[in-house]
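Below is one structure, written out as structure tokens; comments come after it.
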Amino acid sequence: MRKVQTITVIVGLLFSLTASAQNKQTAKGTNKLEPLPRDLEIQLALSALPPQLRDNATVYVLYPDKGFEVARKGTNGFHALVARTGDDTFRGAWPLTEYRDDILYPISFDQAGAKAQMRVFFDAAEMQAKGTPPEELKKIIQDRYKTKYYKSPGRAGISYMLSPVLRTYTNPEENDNVATLNIPHVMYYAPNVSTEDVGGAKPGNSPYPFVIMPGPHGYFIQFLGITERASITKEHEEMLARLCKIKEVWCLPASRDQYGKD
């Protein structure tokens, strides 16, 4: 009897140690995010839109333990949010080994994009909140693209990313390098169109449009000019200062070229 009790205790200890190790691994993998102050997150989300669309847009805030929820219901068909795991996370073959806590991805969509492209952001945030390991999440999203679970926009449309600050992956097709950029730009839905099809520029320091994510979910990218970028940066000085105080990596680089890159 005593021998059986001893074995039971040992098995119980081994199970406890195994569970503890798994919990630690899961905690490291899910990397819980610290939420932004609510008013700052709303301001940052709306900075993705041009001024005339902000007052009547639907705005979402991220609850790290649940996902995105509506902070304010709008009436003009535009939707704005700040992703902390952007859709570019799922591009390329590089392994997603952890959820970064420094990504800032202010983005907005019209009605067509809200029904199609925006769903990826919501699904990713919800699965991350539930503790889905990062490697598994990337595979799930990529598989959903391949199987056309995520539909392309039903019509031509627009996604504004006019915020003066963006921290995300710089070349997501190739690696997981990130940077903080000041590159206000406009994205037009371009399903199954390539840069070559329209004689566009190569991605980089060019005022001319180019295509990213060629295929059903492709976009034309058009950077704003120097004057427009300077005006946007000036308009949001207070917001930028608050972000910079929260995380040093969210401070805009002191030295930038005309497209906001180091």
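The values are calculated or read from the model by the stated rules, or taken from the named source; none is laboratory data. These numbers come from a predicted model, not from an experiment. Methodologically, a virtual Cβ is constructed for each residue, glycine included, from the backbone with ideal geometry; neighbour enumeration extends over all protein chains shown. Only protein heavy atoms, including side chains, enter the accessible area calculation; ligands, DNA and RNA are left aside. Shrake-Rupley method; radii C 1.70, N 1.55, O 1.52, S 1.80 Å.
Only one of the listed residues (Leu62, Leu81, Leu96) is under 16 Å from Pro133 (Cα atoms) and touching a residue at least 24 places away in the same chain (Cβ under 8 Å). That residue is Leu96. Taking the conditions (1) hydroxyl-bearing (Ser, Thr, Tyr); (2) open to solvent by 80 Å² or more (accessible area, probe 1.4 Å); (3) closer than 26 Å to Glu41 by Cα in turn, Tyr149 satisfies each one other than (3). Within segment 198-208, is even one residue on the phi < 0 side of the Ramachandran plot, among the hydrophobic types (A, V, I, L, M, F, W, C) and at pLDDT 95 or above? No, the conditions are met nowhere in segment 198-208.
The C-beta contact set for segment 101-117 (first residue among the basic types (Lys, Arg), second residue crowded, with 20+ Cβ neighbours inside 10 Å and outside any loop (DSSP other than H, G, I, E, B), distance under 9 angstrom, 6+ apart or interchain) comprises Lys115/Phe109.
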